[in-house]
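Each remark here refers to the structure printed beneath this line.
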Amino acid sequence: MMLTAWLPGPAQGPPVKEGPAAIHAGHFPNAGRFAVRVRDEAARVSGSKRGPGVERVYAPGELLWSTRQRSGSVCRLDAQTVRTLIDTAARAGLGNFESSLFSEKFSNPGNDK
């Protein structure tokens, strides 16, 4: 909800009633202004009044972003999830999925050997 309000800025066109919808890039702010607006809105949300025991209020997507930054973009999976992924890949005919999942490149991010 918040992101959809941030993207177009204050000027929005008429609603589409039927037929295919197209997004005209000219209706969006340039990247620099958009980044400033997102930063400012995230700061506004984070500065919201907190209830008892609430350490921080996150803007939508901010918690995921900060988690990804702390993890070095590594997604850690529990054993059951890995097994389910491997089983699903095998049923889909992706025979080399397991070896690629545990390859050096994927187990050590940033290592492009």
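The numbers here are math on the coordinates, done by the rules we state, and not lab data. This one's a predicted model, so the numbers in the text were calculated from it and none came from an experiment. Note that we place each Cβ from the backbone using ideal geometry, even for glycine, and neighbour counts take in every protein chain shown.
Taking 7 Å steps out from each Cα toward its Cβ at S71 and A43 produces label points 2.8 nm apart. Computed over neighbours whose Cβ is under 15 Å from that of E55, the net charge equals +2, Lys and Arg +1, Asp and Glu -1. Charge tally for A90 (other residues, Cβ to Cβ under 13 Å; Lys, Arg +1; Asp, Glu -1): 0.
Distance between the modelled labels on R50 and N96, one decimal in nanometres: 4.9 nm (7 Å Cα→Cβ projection).
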